[in-house]
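Contents: one structure, followed by commentary.
The values are calculated or read from the model by the stated rules, or taken from the named source; none is laboratory data. Values in this document were obtained by computation on a predicted structure and should not be read as measured data. Note that we place each Cβ from the backbone using ideal geometry, even for glycine, and neighbour counts take in every protein chain shown. For the accessible areas, the whole protein counts, side chains as well, though only heavy atoms, and no ligand, DNA or RNA atoms are used. Shrake-Rupley method; radii C 1.70, N 1.55, O 1.52, S 1.80 Å.
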Amino acid sequence: MKVLVAVKRVVDYNVKVRVKADNSGVDLANVKMSMNPFCEIAVEEAVRLKEKGVATEIVAVSVGPTAAQEQLRTALALGADRAILVESNEELNSLAIAKALKAVVDKEQPQLVILGKQAIDSDNNQTGQMLAALSGYAQGTFASKVEVAGDKVNVTREIDGGLQTVALALPAIVTTDLRLNEPRYASLPNIMKAKKKPLDVVTPDALGVSTASTVKTVKVEAPAARSAGVMVKSVAELVEKLKNEAKVI
Ligand code: AMP
């Protein structure tokens with residue numbers, strides 16, 4: 001079974017992001033970039049499926065600038081067999097990304113596509129759902145357990161009230177939640193081996209996909225600074241402040 005994993009290059013989760021002076025976006029100059037954490041979980045799940053003998057090939061795909069090759073190399077070091085970069089330097093919205101991924105899905109015909117539930121930069125939480133709609137594949141989002149059984153995949157989903165398990169006919173789309181697995185680190189020998197694994201670069205044009213944006217970012221602002229907290233000396237003082245200052249009781 002071929003598994004396709006979507007990997008996004010994002011600002012590293014340890015970085016305190018800064019807004020550009022002209023409020024046009026987040027300042028990416030000299031900022032550490034990494035694989036989106038939920039995509040790391042997606043790669044790990046694909047690798048575990050391969051280790052179990054369920055997956056036979058893992059293809060990592062990213063849509064973005066040339067530099068996204070770094071995150072694809074990381075996916076290769078973690079266990080993906082080959083990688084595809086759909087190269088674009090434009091600001092891409094989720095629909096454009098989903099269309100590019102759909103074109104790769106059409107070409108590669110994977111049985112399972114694993115994406116993160118959410119990219120930590122734009123917090124959209126919609127690419128997997130859009131890809132499912134465009135490709136007509138079943139979708140199991142927010143997965144905390146994935147079990148392939150014959151021509152089905154059982155996906156346990158984290159929902160508000162608890163857990164829900166859905167049985168999806170393959171081919172299917174899965175998006176990963178935090179508790180699905182704990183991603184491994186790439187070993188140095190595997191990082192070296194990854195340099196020799198195939199990484200194809202294609203353009204959206206070559207895939208017949210338009211990346212023209214239907215969404216324009218009007219303004220990006222940092223959240224308002226929070227005022228400092230105070231230490232209270234007694235429960236009585238806390239209750240007094242909650243009543244008279246915060247007015248919440
Ligand atoms: P989002 O819908 O933007 O929150 O992203 C959810 C997931 O979609 C990510 O974790 C990735 O697996 C995938 N994804 C989003 N953007 C890209 C991209 N530019 N290239 C590859 N995969 C992406």
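Here is how the numbers come out for the structure above:
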quantity	calculated
Options 196, 247; residue that is open to solvent by 90 Å² or more (accessible area, probe 1.4 Å), among the basic types (Lys, Arg) and either more than 25 Å from residue 72 (Cβ to Cβ) or touching a strand residue (DSSP E or B) at 6+ places or on another chain (Cβ under 8 Å) (or both)	247
Hits in the range 201-224 (condition: more than 30 Å from residue 108 (Cα to Cα) and either open to solvent by 100 Å² or more (accessible area, probe 1.4 Å) or touching a helix residue (DSSP H, G or I) at 6+ places or on another chain (Cβ under 7 Å) (or both))	216, 218, 219, 221, 223
When residues of the range 1-28 are limited to those that are over 19 Å from residue 94 (Cα atoms) and in a strand (DSSP E or B), the one nearest to the ligand (Cβ to nearest atom)	3
Residue tally, condition open to solvent by 10 Å² or more (accessible area, probe 1.4 Å) and either within 6 Å of the ligand (Cβ to nearest atom) or without any contact (Cβ under 8 Å) to a residue 40 or more places away in the chain (or both), over the range 116-128	9
Qualifying residue in the range 100-113 (condition: part of a strand (DSSP E or B), free of Cβ contacts under 8 Å to residues at least 60 places away in the same chain, away from the ligand (no atom under 15 Å from the Cβ) and open to solvent by 50 Å² or more (accessible area, probe 1.4 Å))	no
Any hit, the range 84-92, residues being within 12 Å of the ligand (Cβ to nearest atom), more than 22 Å from residue 33 (Cβ to Cβ) and surrounded by fewer than 24 Cβ atoms within 10 Å (Cβ to Cβ)	no
Test: residue 153 is more than 16 Å from the ligand (Cβ to nearest atom), part of a strand (DSSP E or B) and within 27 Å of residue 61 (Cβ to Cβ)	yes
Check on residue 173, buried (at least 23 other Cβ atoms within 10 Å of the Cβ) and either among the basic types (Lys, Arg) or assigned to a strand (DSSP E or B) (or both)	yes
Where residue 51 falls short, out of the listed (1) surrounded by fewer than 20 Cβ atoms within 10 Å (Cβ to Cβ); (2) closer than 20 Å to residue 184 by Cβ; (3) touching a strand residue (DSSP E or B) at 6+ places or on another chain (Cβ under 8 Å)	(3)
Which numbered condition residue 31 fails, given (1) surrounded by fewer than 19 Cβ atoms within 10 Å (Cβ to Cβ); (2) of a type in the set (A, V, I, L, M, F, W, C); (3) within 13 Å of the ligand (Cβ to nearest atom); (4) outside any helix (DSSP H, G or I)	(3)
Residue among 128, 140 that alone is outside any loop (DSSP other than H, G, I, E, B), under 30 Å from residue 18 (Cα atoms) and of a type in the set (Gly, Ala, Ser)	128
Of the criteria (1) more than 9 Å from the ligand (Cβ to nearest atom); (2) under 18 Å from residue 9 (Cβ atoms); (3) small (Gly, Ala, Ser); (4) touching a residue at least 40 places away in the same chain (Cβ under 8 Å), which one residue 64 fails	(1)
